[in-house]
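Read the figures in this text as sums done on the coordinates, not as results from a lab. Since we're looking at a predicted model, the values are computed, not measured. Cβ sites come from the backbone with ideal geometry, for glycine too, and all protein chains shown count toward neighbours.
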Amino acid sequence: MNRIHRHIFANVVLTCGAAVGMFAFVLMIGSALKDLLGHVLAGQLPVDTVIRLVGLTIPVVVSYAMPMGMLSGVLLVLGRMSADREVTALRASGLSVAWLAAPILFFALLGVALSVLINFELMPRAKVAYERELAQAVQQNPLSFITPKTFIRDFPGIVIYAGEKNGAQLKDFWLWELDAQNRVKRFARADTGRLDFDARNNKLVLTLNHAQAEVRDDKDPENFARAQGAAAWEQATFDLPLGKLAGAATVNVKQQWLTFDQLLAKWRQLSKPDAKVSDEVRAKQRMRVQITIQEKFATAFSVLSFALIAVPLGIKISRKETSANLGIGLGLAMAYYFATIVVSWFDTQTALRPDLLMWLPNIGFQALGFWMFYQVDRAKA
């Protein structure tokens, strides 16, 4: 790598690194506000737990920030070089656009490799650790998760509401029990109540005073004519087990949170005949695994796709248009992710191979990038 290539490479590394950091910070703040702010304001999470949880979001947000950071960083570097006439001088010396782009594309390939590592290893492990850490906070301080005038949905199949809370004492208490389709099948309300934590049995014990309850039909809970009746008690006790809510074994690990080895093992398992599952169902489940794998690879390769577009686009613009450049970069990134969403709509159409369709946005962006390369290379320096 000669001196010019080293100069371009160093500038691209620094600028893209800063851009990735900026986008990751914005996404991380948004994620923290969405998932943690309510718990923090309610005093449900200590400061050290919040810091660890925010740190665990870094691999997740970086996987989305890298393509946008690459696009914005290359646009800024080449825009500055174009404004300072460095690109004009280099092309007047007979150097092609491809030669100028070599260090940038090399860095983009490194970014692809890093993105593959993040998408298949770092991000899944961090996401599962994040969910476990948040779930364990319930076990450590379960009573704090009952927030007044808030619908509490942290307990599987149960929604809780309390109008007032004073320590363990509750007022205007409501409890709804939901079925698998989130329909109310039973509910109870009470004027007052008390919530205690049974550490030995790892459960919350709810004692209601002047309680009323209604039981609906399990098969058709929304048909009030088939309600099984109502009941009233002077005092009633309910147990809310925390075993299904807290602890490592209870985290509902989504398919996107699996590592490459776990996805491959699941795909192989679904490839084997199973008497309990029909071939059609297994084929759809196997296709979902394939979609997840291809989507992770395609997202990683979007770093290269964005770099291919950013190089000719950056040469055509100048430093004076920095704000417009960032707007163009953001618009292109949004277009890519929108195309990815559109492709995901066909995830149930196994005949169309939706796993391979995940590569269409990359193919389109790379084709556009090569066409722009050709157009810029043909133009006079």
Separation between Cα centres of region 148-172 and region 46-60, rounded to whole Å: 26
Computed lengthening from residue 232 to residue 274, 0.36 nm per intervening residue step minus Cα-Cα distance: 10.3 nm
In degrees, nearest ten, helix 360-378 long axis to first principal axis of the chain (Cα): 20
Region 1-160, dipole about Cα centre (Lys/Arg Cβ +1, Asp/Glu Cβ -1), debye to the nearest 20: 300
Residue-by-residue Karplus 3J(HN,Hα) for region 68-76, coefficients 6.51, -1.76, 1.60, Hz, glycine and proline x: 5, x, 4, 4, 5, x, 5, 4, 5
Principal-axis tilt of helix 260-271 within the chain, Cα atoms, nearest 10 degrees: 70
Cα-based reach from residue 171 at 16 Å (exclusive), listing lysines while leaving out same-chain residues under 8 positions away: 149
Whole-number D in µm² s⁻¹ for the chain, Kirkwood Cα-pair radius fed into Stokes-Einstein, 4 °C, 1.567 mPa s: 52
Filtered trypsin sites (Lys or Arg not before Pro), region 50-149: DSSP coil and at most 10 other beta carbons within 10 Å: 149
Test item: Cα-centred dipole of the chain, Lys/Arg +1 and Asp/Glu -1 on Cβ, debye: 1160
Cross-link reach list, lysines versus residue 296, counting only Cα pairs under 29 Å and skipping chain neighbours closer than eight places: 34, 127, 254, 266, 272, 284
The chain - mean residue ellipticity at 222 nm from DSSP helices (-39,500 (n - 2.57) per run, n ≥ 4, rounded to 500): -19000 deg cm²/dmol
